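Engineer: Please read through the structure below; I'll follow up with questions.
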Amino acid sequence: SPGARSVCRLLARRALGFYARDAGVAHRKNLGLLRRIMCQESTKFKNVWTTHSASPIAYERGRIYLDNYQCCISSIAQEPRILYQKPKRSKSEKIEDALLLECPLGEMLPHPSDYKSSLIVLTVQNWLLRLSADSGEILEKIYLAGSCCKFRYLSWDTPQEVMIVKSAQNKLPAEARQVSIQQSVLFYLAVFQVLPLSFIGMLEINKKIFGNSVTDVAVSNGILIVMYSVGLVRLYNFQAITEQFMEQRFDLGHEFNWNGQVGVVGKYPFGLPYNIKITDTPPLLFEASTLENAFQIGGYPWHYIITPNKKKHKGVFHICSLKDNALAKNGIQDMKCCSLEPDWIYFHPDMSGRIIHVGPNLIKVLKFKEVKNNADQMEIAEDFTIVANRENCVNDTVTVTASGRVVKKRFNLLDDDPEQETFKIVDYEDELDLLSTVAVTQIGVDGRAHLDFHCNEHGILLKSIPLLESWDVTYSHEVYFDKDLVLHIEQKPNRRFSCYVYQMVCDTAKDE
């Protein structure tokens, strides 16, 4: 555009969809229309489908999975319909974990099937399978390792780019522990580039390198996070570890003759070679001591959130600069709530650098701003707050009866007393830029919940949707809000699962 001369202005205009030839313009306009339609007063959300199951129910981008991923139901149709139903599999083929793969934009892929969504699943026998998301057909099959280790978890290092397959913690059999045999390998990690699926490397997390008190590890955004039983968290550069300790690169499906082993990479019985061998402690990027290993990084400039490593500090959060560990101004966040369930805090997933702090009856969205006359220090300020509806709540310690007798209560009500409206879930819908909250009130056995949509920028309430089913606060619940769909998954005792699907209905005159 002749009027936009600076690069920053050009990029900003492109992000907002100012150019008609930009492929994303129509999509952004459509999502803006959908948001306006959805928040209209006349728009309702109707319960269109309910199912119950004796096994866990999973949801991924418009697909509901039942019977350990054997049955896939599309939730996008007017009434959910079965996409595929596979025959019952044996216990040895049980799926432990799954991730949805979606086609990367602007890349040439080797196979036509790569452009369609697929599901990566990890089986109990250490097989990694890539399945078609629409038919369940096996597109790729990779054998990870023999019985020496048990792979159990799938996660993203970089979403839709680099995937981590992690083993359960490696433990010796009881008889080996009785004779004091020392087990030094704690976890195994296998690293893959996805679409096309390619093997980067396999490595061990060893006591001899990282120390005896390691309790867990994770990989996120190129950082290896190692957690210790004493509340210590240490960060290492995972990409640098991969490059420094890589002994040899191997491609899936290629023959190898290495360390006395001959086989095919990713095929049974050899699986994948341990080609990343950490022989020395890698350079430490950062460490922090925190209660229950709770540690998060985010914000701009970079900050981290911890709870001081003492039980008396539970529910107190310190926001500190990653650069010099300095506490931000107003960086100690404490809601001072008296509740059974603790409050929780995390960096806002919208990449704005803000922080969301959720208590029983209050949601605070916090932002960073520069301290006046000190550009090096940041201040934590409230951007906006969302307050639970507790207008009728009276929590006086002293009451007077009709006859004039003064009665003192021995106990105060908890802030998350089930008879008061309490926040249970807070989520962010990135495509519609809405903050969603689930608030619950339970009187006796009957619990009532509603899902509210708030403007993500200012916190203004735009829409409230009552959930028709009863909500028991003692059960486990998940709520997904995905464009025009609301999905509630509930786990009751004795492994009974229920799924309730709501869809947006614009004209309810006929129904009423």
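Engineer: In the range 75-86, how many residues are of a type in the set (Gly, Ala, Ser) and either at pLDDT 85 or above or open to solvent by 40 Å² or more (accessible area, probe 1.4 Å) (or both)?
Structural biologist: So the answer is 1.
Engineer: Here is a follow-up. Is it the case that the range 334-344 has a residue that's in a strand (DSSP E or B), buried (at least 17 other Cβ atoms within 10 Å of the Cβ) and touching a residue at least 12 places away in the same chain (Cβ under 8 Å)?
Structural biologist: No, the conditions are met nowhere in the range 334-344.
Engineer: I'd like to check something: does the range 389-407 contain any residue that is within 25 Å of the chain's Cα centre (by Cα), within 30 Å of Ile319 (Cα to Cα) and either open to solvent by less than 50 Å² (accessible area, probe 1.4 Å) or at pLDDT 70 or above (or both)?
Structural biologist: No, there is no match, as no residue in the range 389-407 is within 25 Å of the chain's Cα centre (by Cα), within 30 Å of Ile319 (Cα to Cα) and either open to solvent by less than 50 Å² (accessible area, probe 1.4 Å) or at pLDDT 70 or above (or both).
Engineer: Across the range 319-328, what is the total count of residues that are loosely packed, with under 15 Cβ neighbours inside 10 Å and part of a strand (DSSP E or B)?
Structural biologist: From the range 319-328, those loosely packed, with under 15 Cβ neighbours inside 10 Å are 323-327; that's our starting set.
Still in the list and also part of a strand (DSSP E or B): 327.
Here the count works out to 1.
Engineer: Being in a loop (DSSP other than H, G, I, E, B) and of a type in the set (D, E, K, R) is the requirement here; does Asp134 meet it?
Structural biologist: yes
Engineer: Residue check: is Ile142 farther than 30 Å from Leu291 by Cα and either in contact with a Cys (Cβ under 8 Å, 6 or more places away or on another chain) or crowded, with 20+ Cβ neighbours inside 10 Å (or both)?
Structural biologist: yes
To keep it simple, each residue is scored yes or no on (1) touching a Ser or Thr at 6+ places or on another chain (Cβ under 6 Å); (2) in contact (Cβ under 8 Å) with a residue 24 or more places away in the chain.
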site	(1), (2)
Arg35	no, yes
Glu41	no, no
Ala58	no, yes
Glu93	yes, yes
Ile120	no, yes
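Engineer: Restricting to the range 244-255, give me the number of residues that are in a strand (DSSP E or B) and either loosely packed, with under 14 Cβ neighbours inside 10 Å or among the acidic types (Asp, Glu) (or both).
Structural biologist: Of all residues in the range 244-255, those in a strand (DSSP E or B) come to 246, 255.
With the extra rule that they be either loosely packed, with under 14 Cβ neighbours inside 10 Å or among the acidic types (Asp, Glu) (or both), the set shrinks to 255.
Result for the range 244-255: 1.
Engineer: Moving to a separate point now. For the range 256-302, enumerate the residues that are outside any loop (DSSP other than H, G, I, E, B) and exposed (fewer than 12 other Cβ atoms within 10 Å of the Cβ).
Structural biologist: Filtering the range 256-302 for residues outside any loop (DSSP other than H, G, I, E, B) gives 256-258, 261-264, 267, 271, 276, 284-289, 291-293, 295-298.
Correct list: Asn257, Gln261, Val262, Leu284, Glu292.
Engineer: May I pose another question? Specify which of the listed residues (Glu60, Glu79, Glu41, Glu93) is within 23 Å of the chain's Cα centre (by Cα) and of a type in the set (D, E, K, R).
Structural biologist: The conditions single out Glu60.
Engineer: Return yes when Leu362 is farther than 22 Å from Leu232 by Cα, over 21 Å from the mean Cα position of the chain (by Cα) and open to solvent by less than 80 Å² (accessible area, probe 1.4 Å) and no when it is not.
Structural biologist: Answer is yes for this residue.
Engineer: If Glu379 satisfies every condition in (1) part of a loop (DSSP other than H, G, I, E, B); (2) open to solvent by less than 40 Å² (accessible area, probe 1.4 Å); (3) in contact with a Phe, Trp or Tyr (Cβ under 8 Å, 6 or more places away or on another chain) but one, which is the exception?
Structural biologist: Exception for Glu379: condition (1).
Engineer: Checking Asp114 against (1) free of Cβ contacts under 8 Å to residues at least 40 places away in the same chain; (2) surrounded by 15 or more Cβ atoms within 10 Å (Cβ to Cβ); (3) not in a strand (DSSP E or B), which single condition isn't satisfied?
Structural biologist: With (1) free of Cβ contacts under 8 Å to residues at least 40 places away in the same chain; (2) surrounded by 15 or more Cβ atoms within 10 Å (Cβ to Cβ); (3) not in a strand (DSSP E or B) applied to Asp114, the lone miss is (1).
Engineer: Shifting gears a bit: Given the criteria open to solvent by less than 40 Å² (accessible area, probe 1.4 Å), farther than 30 Å from Ser476 by Cα and in contact with an Asp or Glu (Cβ under 6 Å, 6 or more places away or on another chain), does Val316 qualify?
Structural biologist: Taking the combined requirement at face value, the residue does not satisfy it.
The values are calculated or read from the model by the stated rules, or taken from the named source; none is laboratory data. Because the structure is a prediction, the values reported are computed rather than measured. We place every Cβ from the backbone using ideal geometry, glycine too, and count neighbours over all the protein chains shown. The accessibility values were calculated without ligands, DNA or RNA, using every heavy atom of the protein model including side chains. Shrake-Rupley method; radii C 1.70, N 1.55, O 1.52, S 1.80 Å.
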